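Visitor: Pasting in a structure now, in structure tokens, and then I'll have a few things to ask.
The values are calculated or read from the model by the stated rules, or taken from the named source; none is laboratory data. Quick caveat, the model's predicted, so the values are computed rather than measured. Backbone-built Cβ (ideal geometry, glycine too); neighbour counts: all protein chains shown.
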Amino acid sequence: MLQHRCIEMSQVDPLLQVTDLSKHFSLRKERLWGGEPQVLRAVDNVTFEIGRGESFGLVGESGSGKSTLARSILRLHEPTSGRIVFRGTDITHLPERDLRPLRRHMQMVFQDTKSSLNPRLRIRDIVAEPLVTHKLPHSAADVNELMDKAGLSEVFLDRFPHQLSGGQRQRVGIARALALSPDLIVADEPVSALDVSIQAQILNLLKVLQSEMGITFLLIAHDISVVTYFCQRVAVMYLGQVVELGPSREVMGNPSHPYTRALVSAVPRTDPRSRRSRIVLRGEIPSPLSPPTGCPFHTRCPVKIGPICSEVAPPAYPTASGGWAACHLLAPGTGASNSASSPLIQTGEGKV
Amino acid sequence: MIESISTEMRGNPPMIIAMAIITIYMAIALFAPVIAPNDPNRQDLRRTLEAPSREYPLGTDEYGRDLLSRLVYATRSSTVVAVSVVVASAVIGTALGIFAGYRGGFVDSLLMRASDIMMAFPSLVLALGLIAAIGPGLRGTIIALAIAYTPVYARIVRGNVLSIKEEAYIESAQTIGVNSTRIAVRHVLPNVAGPVLVQGALTFAFAVLSEAGLSFVGLGVAPPTASFGNIIASGRDYISTAPWISTSSGIATVLIVLSLLILADGLRDALDPYQHRF
Amino acid sequence: MMSNLSPLQQINSGATREMGQLLEVRGLRTEIPTRRGVVRAVDGVDLVLHEGEVVGLVGESGCGKTLTAYSILDLLPKPGVVAAGEIHFRGEDLRRKSTEERRAIRGNDIGMIFQEPLSALNPVFTVETQIGDVLRTHTNLDSTAIKERVVELLGHVGISAPERVARSYPFELSGGMRQRVLIAMAIACRPALLIADEPTTALDATIQAQIMVLLQTLVEEDGVSILLITHDLALVAELCDRVYVMYAGTVVEMAPVEDLYVRPRHPYTSALFQCIPGFQPSDRPLAAIEGSVPMLIDIPPGCRFADRCPYVADRCRTETPPLVDVGAGHRAACHFADSLDLPGPASEQLEQDHASAPVY
């Protein structure tokens, strides 16, 4: 099997490097005794880099492994194999004790604002908890300033999470993440549980934080328009693998991988005059317990070329968008490919 | 939490009455020497088995002791036993439950199998066995009942911890770098407080009943110290001639147990996180 | 697609129907008594749906769109009550009918599709039993005929192995499959009207596209009318003929879909459009609507959107704007509906942005 490596855009100053990262969960079959343990390949050989100050998007449907990938990077899951380098330190297998000081620099914003804030704590304590945990000197004014940065009035400080609306709770989550002035914020579907008008408020807030505080973002979303709006680069995931990566507007405007194409096409457009025939994929995402051989997408691919798709895992080929995609169609000589492309097999540090 | 309990009480009159009765019981237990009109152990063999009168509002028992004063002191024994049992079993059970649920794995299996074995016996039977080993009396009753009720707390708390562990705020605390002891104390513990409180009220009721039962058969609080159980037991022989002995003590027991059960029910409604209110 | 007629279509094309009104709701008011007072969750909603039409009911959470649908279906969660209004289905006022009669109409003439397909199916019965129950309740088919009909229905909603799926339990099916099963159940008695509450919200994009195509097919081939309740303006653009926009319990704008997207007349509608990240350039901030929906207890007179409206004037705070005609079939509840020039996603000024968007 061809080793699947990716080609990275030149990064002057990578904050986070992820190399060949895999996360497999072993499940036992539901039998009284015996039974082979099954392996769920949630994340499979994923490689990418995020530069300082960049906002990087992860797009995919449920079961694509995007959340598992993010949680593995934050070491909420133990990675099965691969390497995670954050701020120049290899944190892949760093013991929790040594990791704790580094956690200051990587924070997370969650999707479910109801369950991500402890219902028994007041907003004041929730926002101040990171400062208390890292024994940083802080005053009431610091907490007020954090609330202010997140666009929240100080009157909420003495309330409990359930007394706030979804948008306000998400602002609390952001204030809490900002408390340690992190370099990286991993935002897992930060707006998908919110109404459109509130969603826009939160996206604007995150955008301001990024431009004013220079925070690097790893944004996970299923909504292509959110990622395209917010991120400079995007990785499209399918069944635990990255199938396409590149500048987000170019990838979404001119997708190269058939899956990205179908995904973009599936999104309804807000213009009733441009109702169009869309690419409707047949079937559903296969089970990550028994992923297809070869290209993970070949079972649903509308432009499958032949046995090569089900037998050989496609390498990464450069695309017109300036990124890469893992599809045999892009191989030189297949007609559909870009001008002079050849599979580039090299390590993540390589430059194109 | 206090807020939701008080909201619940406003719309639940039986719970208010129950709370009042429980408060009165507690006050009687606390101020027994002040409240009791006579010494509960002073015998007057000339005036045995007297019917209620102005001097002895509830009459006297077979040794001519003032029944009202004995009931006041019985409330005290009952409360001492019940409070000690509730506190001991709740603290130990909650700690074990959090430990088992949060740690998981082998420790969890071991603790849960042990509690399964203990819960396989009815708690009164288990307590009887334990008293046989420890020895009867107030201390023995407390220890035996505390041990018998601990597994219930461990079970309830462990179950809650398992679901709380999956909540995003635990993950959120981990990303901040909060260590696991602190997560258990600050994030898990307050969220199991509700179910523990409900179980506390239930255990209180069962402990009162069990203490009365154990004292009735002579394994609990030993005479001459008054207890609901041993008053009922001593009145048993005179049930046709002096029914007030067993009846008054029986009614007192039923009243407190019923009140505690109503309280537990109300608490459960008040603290149910899934109850939607408009 | 057109060459082989579906069984449902054969039935429907046999019946002669004019394009009349199928559903008409007039002055619907739904109230929820609470500790703090009576919440008017739906306050004077008028709504018309013609035969064969797909009508969208759009709004953010708490605007009353779902409660409107539940009021029509007589499925209001307690303690909500329909306090006033008429609900005419095929010319008959449903509110004057007995509970029994309404139950017969529900499921038979009006089908429902819910947002969360797992909780809408009973986990302990097979798909066959559950769809069969609907048929047993509303038809006189015998058990063999029911079995055949279930398989036929499952095939009709695009399930490739209907016999196998019929014998499955809900948990054995994926989200998309469950939604197809629910749709099969909703159309089991060939209803004239389908009420779909966020039918694709819980689904992935590629599965959402599959369900959208299925709903379109039901409309085109079987002549079903759909009342689509959603917060997704893009879904509305793809599926609906006409749209009602709700805000704080009232309809603020209604229009044929193209008119609404080319030139919305209510500031709220326009603001909603501008919140969508779409394929807008990412260097300018989204036009978020500041503030939040007002409480619907003791509502003061005036426009309910006044506090969040960028075009607010003194008049808006004292005088409730009526829903007035602003074009053919286009009504808006704004004092300045005629004078404001509000952008929509299909407006000329945004045309250029769309030119760079992908087209297949």
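Visitor: I'd like to know if segment A:267-279 contains one or more residues that are closer than 18 Å to A:C309 by Cβ and modelled with pLDDT under 90.
Guide: Filtering segment A:267-279 for residues closer than 18 Å to A:C309 by Cβ gives A:279.
Pick out the ones that are also modelled with pLDDT under 90 and you get A:279.
Yes, segment A:267-279 contains a residue that is closer than 18 Å to A:C309 by Cβ and modelled with pLDDT under 90.
Visitor: Now, a different point. So the check is Cβ under 6 Å with 6+ separation or different chains; which pairs have a first residue in segment B:206-222 that's without any contact (Cβ under 8 Å) to a residue 40 or more places away in the chain and a second one that's β-branched (V, I, T) and in a helix (DSSP H, G or I)?
Guide: If the second residue must be β-branched (V, I, T) and in a helix (DSSP H, G or I), the pairs left are B:F216/B:I232.
Visitor: Further question on the same structure: Among (1) surrounded by fewer than 17 Cβ atoms within 10 Å (Cβ to Cβ); (2) over 30 Å from B:P243 (Cα atoms), there is one condition B:V85 misses while meeting the rest; what is its number?
Guide: (1)
Visitor: Additional query: With modelled with pLDDT of 90 or more, within 30 Å of B:S78 (Cβ to Cβ) and hydrophobic (A, V, I, L, M, F, W, C) as the only criterion, which of B:I183, B:I156 stands out?
Guide: Values: B:I183 fails: within 30 Å of B:S78 (Cβ to Cβ).
Result of the check over B:I183, B:I156: B:I156.
Visitor: Answer with yes or no whether C:A166 is over 14 Å from the mean Cα position of the chain (by Cα), among the aliphatic types (A, V, I, L, M) and within 22 Å of A:L194 (Cα to Cα). Reasoning before the result, please.
Guide: Details: over 14 Å from the mean Cα position of the chain (by Cα): yes; among the aliphatic types (A, V, I, L, M): yes; within 22 Å of A:L194 (Cα to Cα): no.
Considered against the rule, which asks whether it is over 14 Å from the mean Cα position of the chain (by Cα), among the aliphatic types (A, V, I, L, M) and within 22 Å of A:L194 (Cα to Cα), C:A166 comes out as no.
Visitor: How many residues, within segment C:96-129, are in contact with a helix residue (DSSP H, G or I) (Cβ under 9 Å, 6 or more places away or on another chain), loosely packed, with under 15 Cβ neighbours inside 10 Å and acidic (D, E)?
Guide: Adding up the residues that qualify gives 1.
Visitor: Say we look at segment A:205-263 and pick out the residues that are in contact with a strand residue (DSSP E or B) (Cβ under 6 Å, 6 or more places away or on another chain) and among the aromatic types (F, W, Y); which of these is farthest from A:V303 (Cα to Cα)?
Guide: Within segment A:205-263, the match that is farthest from A:V303 (Cα to Cα) is A:F217.
Visitor: Moving to a separate point now. If you go through segment C:290-324 one residue at a time, how many are of a type in the set (D, E) and touching a residue at least 40 places away in the same chain (Cβ under 8 Å)? Please lay out each step first, then the result.
Guide: Residues of segment C:290-324 of a type in the set (D, E): C:290, C:298, C:307, C:314, C:319.
Within this subset, residues satisfying the condition of being touching a residue at least 40 places away in the same chain (Cβ under 8 Å) are C:298.
The qualifying residues number 1.
Visitor: On to the next question. Being among the acidic types (D, E), in contact (Cβ under 8 Å) with a residue 60 or more places away in the chain and either assigned by TED's automatic domain parsing to the domain that holds A:P258 or out of contact with any Ser or Thr (no Cβ under 8 Å at 6 or more places or on another chain) (or both) narrows it down to one residue among A:E78, A:E96, A:E54; which is it? Let's see the steps before the verdict.
Guide: Details: A:E78 fails: in contact (Cβ under 8 Å) with a residue 60 or more places away in the chain; A:E96 fails: in contact (Cβ under 8 Å) with a residue 60 or more places away in the chain.
Just a single option satisfies the conditions, and that option is A:E54.
Visitor: Separate question: Can you find even one residue in segment C:224-233 that is within 14 Å of chain A (Cβ to nearest Cβ) and closer than 20 Å to C:E51 by Cβ? Reasoning before the result, please.
Guide: Within segment C:224-233, the subset within 14 Å of chain A (Cβ to nearest Cβ) is C:228, C:230-233.
If we keep only those that are closer than 20 Å to C:E51 by Cβ as well, we get C:228.
Within segment C:224-233, one or more residues are within 14 Å of chain A (Cβ to nearest Cβ) and closer than 20 Å to C:E51 by Cβ.
Visitor: Identify, please: which residue in segment C:168-213 is among the charged types (D, E, K, R) and crowded, with 21+ Cβ neighbours inside 10 Å and is, among those, farthest from the other protein chains (Cβ to nearest Cβ)? Spell out the reasoning first.
Guide: Filtering segment C:168-213 for residues among the charged types (D, E, K, R) gives C:172, C:178, C:180, C:190, C:197-198, C:204.
From what's left, crowded, with 21+ Cβ neighbours inside 10 Å: C:178, C:180, C:197, C:204.
Values: C:R178: 11, C:R180: 11, C:D197: 16, C:D204: 4 Å.
Only one residue tops the list, namely C:D197.
Visitor: Determine whether A:L194 is of a type in the set (A, V, I, L, M, F, W, C) and either part of a helix (DSSP H, G or I) or within 22 Å of the chain's Cα centre (by Cα) (or both).
Guide: In short, yes.
Visitor: Please indicate, with yes or no, whether at least one residue in segment A:81-99 is more than 8 Å from every other protein chain (Cβ to nearest Cβ), in a loop (DSSP other than H, G, I, E, B) and either crowded, with 23+ Cβ neighbours inside 10 Å or of a type in the set (D, E, K, R) (or both).
Guide: Within segment A:81-99, one or more residues are more than 8 Å from every other protein chain (Cβ to nearest Cβ), in a loop (DSSP other than H, G, I, E, B) and either crowded, with 23+ Cβ neighbours inside 10 Å or of a type in the set (D, E, K, R) (or both).
Visitor: One residue is enough: does segment A:55-74 have a residue meeting the conditions over 30 Å from C:L203 (Cβ atoms) and not in a strand (DSSP E or B)?
Guide: Checked segment A:55-74: no residue is over 30 Å from C:L203 (Cβ atoms) and not in a strand (DSSP E or B).
Visitor: Another question about this same structure. Checking the condition modelled with pLDDT under 90, touching a helix residue (DSSP H, G or I) at 6+ places or on another chain (Cβ under 7 Å) and not β-branched (V, I, T), which residue from A:S192, A:S165, A:S197, A:S225 passes? Walk me through how you get there before you give the answer.
Guide: Numbers: A:S192 fails: touching a helix residue (DSSP H, G or I) at 6+ places or on another chain (Cβ under 7 Å); A:S165 fails: touching a helix residue (DSSP H, G or I) at 6+ places or on another chain (Cβ under 7 Å); A:S225 fails: touching a helix residue (DSSP H, G or I) at 6+ places or on another chain (Cβ under 7 Å).
Step by step, each of A:S192, A:S165, A:S197, A:S225 is checked, and only A:S197 is modelled with pLDDT under 90, touching a helix residue (DSSP H, G or I) at 6+ places or on another chain (Cβ under 7 Å) and not β-branched (V, I, T).
Visitor: If I filter segment A:222-258 down to residues being charged (D, E, K, R) and at the interface with chain C (Cβ under 10 Å from one of its Cβ atoms), which single residue comes out as surrounded by the fewest Cβ atoms within 10 Å (Cβ to Cβ)? Steps first, please.
Guide: From segment A:222-258, those charged (D, E, K, R) are A:223, A:233, A:244, A:249-250; that's our starting set.
With the extra rule that they be at the interface with chain C (Cβ under 10 Å from one of its Cβ atoms), the set shrinks to A:223, A:249.
Working: A:D223: 17, A:R249: 20.
Checking each candidate, the answer is A:D223.
Visitor: If you don't mind, there's one more thing I want to ask. So, in segment A:111-131, exactly how many residues are of a type outside the set (S, T, N, Q), closer than 16 Å to A:S165 by Cβ, surrounded by 23 or more Cβ atoms within 10 Å (Cβ to Cβ) and facing chain B (nearest Cβ under 8 Å)? Before the answer, list the steps.
Guide: Just the residues of segment A:111-131 that are of a type outside the set (S, T, N, Q), to begin with: A:112, A:114, A:117, A:119-131.
After this cut, where a residue has to be closer than 16 Å to A:S165 by Cβ as well, the list is A:112, A:114, A:117, A:119, A:123, A:126.
Filter once more, keeping what is surrounded by 23 or more Cβ atoms within 10 Å (Cβ to Cβ): A:117, A:123, A:126.
After this cut, where a residue has to be facing chain B (nearest Cβ under 8 Å) as well, the list is A:117.
The qualifying residues number 1.
Here's the yes/no breakdown for (1) crowded, with 18+ Cβ neighbours inside 10 Å; (2) touching a residue at least 40 places away in the same chain (Cβ under 8 Å); (3) outside any helix (DSSP H, G or I); (4) under 23 Å from the mean Cα position of the chain (by Cα):
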residue	(1), (2), (3), (4)
B:Y56	yes, no, yes, no
B:G64	no, no, yes, no
B:V80	no, yes, no, yes
B:V125	no, no, no, yes
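Visitor: Suppose we filter C:V251, C:V165, C:V245 for residues that are more than 27 Å from A:D223 (Cβ to Cβ), assigned to a strand (DSSP E or B) and either more than 10 Å from every other protein chain (Cβ to nearest Cβ) or among the small types (G, A, S) (or both); which single one remains?
Guide: On the way: C:V165 fails: assigned to a strand (DSSP E or B); C:V245 fails: more than 27 Å from A:D223 (Cβ to Cβ).
It is C:V251.
Visitor: Quick check: is even one residue across segment B:241-261 more than 14 Å from chain C (Cβ to nearest Cβ), more than 29 Å from B:R42 (Cβ to Cβ) and buried (at least 21 other Cβ atoms within 10 Å of the Cβ)?
Guide: Checked against the condition, which is being more than 14 Å from chain C (Cβ to nearest Cβ), more than 29 Å from B:R42 (Cβ to Cβ) and buried (at least 21 other Cβ atoms within 10 Å of the Cβ), segment B:241-261 yields at least one hit.
Visitor: May I ask you to list pairs of residues, at least six apart or on different chains, whose Cβ atoms are under 6 Å apart, with the first in segment B:35-53 being within 18 Å of B:T75 (Cα to Cα) and aliphatic (A, V, I, L, M) and the second being surrounded by 14 or more Cβ atoms within 10 Å (Cβ to Cβ) and at pLDDT 85 or above?
Guide: B:I35/B:I28; B:I35/B:V72; B:A36/B:S69; B:A36/B:V72
Visitor: Still on this structure, I have one more. From B:V198, B:V221, B:V208, grab the single residue that is surrounded by 20 or more Cβ atoms within 10 Å (Cβ to Cβ) and over 22 Å from B:S249 (Cβ atoms). Please lay out each step first, then the result.
Guide: Numbers: B:V221 fails: over 22 Å from B:S249 (Cβ atoms); B:V208 fails: over 22 Å from B:S249 (Cβ atoms).
None of the others qualify; the one that does is B:V198.
Visitor: So how many residues does segment A:167-191 have that are over 24 Å from C:L203 (Cβ atoms), away from chain C (no Cβ under 13 Å) and either buried (at least 22 other Cβ atoms within 10 Å of the Cβ) or not polar (S, T, N, Q) (or both)?
Guide: Count: 14.
Visitor: Okay, moving on. If you scan segment C:64-74, which residues turn out to be among the hydrophobic types (A, V, I, L, M, F, W, C) and more than 8 Å from C:V42 (Cα to Cα)?
Guide: Residues of segment C:64-74 that are among the hydrophobic types (A, V, I, L, M, F, W, C), as a first pass: C:67, C:69, C:72-73.
Of everything in segment C:64-74, those that are among the hydrophobic types (A, V, I, L, M, F, W, C) and more than 8 Å from C:V42 (Cα to Cα) turn out to be C:A69, C:I72, C:L73.
Visitor: Just to be sure, is A:L94 aliphatic (A, V, I, L, M) and under 29 Å from C:D204 (Cα atoms)? Let's see the steps before the verdict.
Guide: Details: aliphatic (A, V, I, L, M): yes; under 29 Å from C:D204 (Cα atoms): no.
Spelling it out, it is not the case that A:L94 is aliphatic (A, V, I, L, M) and under 29 Å from C:D204 (Cα atoms).
Visitor: Okay, next question. Here is a list: A:L203, A:L194. Which entry is out of contact with any Leu (no Cβ under 9 Å at 6 or more places or on another chain), farther than 29 Å from A:T19 by Cβ and within 12 Å of chain C (Cβ to nearest Cβ)?
Guide: Numbers: A:L203 fails: out of contact with any Leu (no Cβ under 9 Å at 6 or more places or on another chain).
Every option except A:L194 fails the conditions.
Visitor: Scan segment B:32-43 and tell me whether some residue there is of a type in the set (D, E) and in a loop (DSSP other than H, G, I, E, B).
Guide: So the first thing to find is which residues in segment B:32-43 are of a type in the set (D, E), and the list is B:39.
Subsequent filtering for residues that are in a loop (DSSP other than H, G, I, E, B) retains B:39.
Yes, segment B:32-43 contains a residue that is of a type in the set (D, E) and in a loop (DSSP other than H, G, I, E, B).
Visitor: Any residue that is assigned to a helix (DSSP H, G or I) and of a type in the set (S, T, N, Q) - is there at least one of those in segment B:105-112?
Guide: Of the residues in segment B:105-112, the ones assigned to a helix (DSSP H, G or I) are B:105-112.
Those still in the list that are of a type in the set (S, T, N, Q) too: B:109.
Yes, segment B:105-112 contains at least one residue that is assigned to a helix (DSSP H, G or I) and of a type in the set (S, T, N, Q).
Visitor: A follow-up question, please. For the subset of segment A:259-281 comprising residues that are more than 7 Å from chain C (Cβ to nearest Cβ) and under 20 Å from the mean Cα position of the chain (by Cα), which member is surrounded by the most Cβ atoms within 10 Å (Cβ to Cβ)?
Guide: A:Y259
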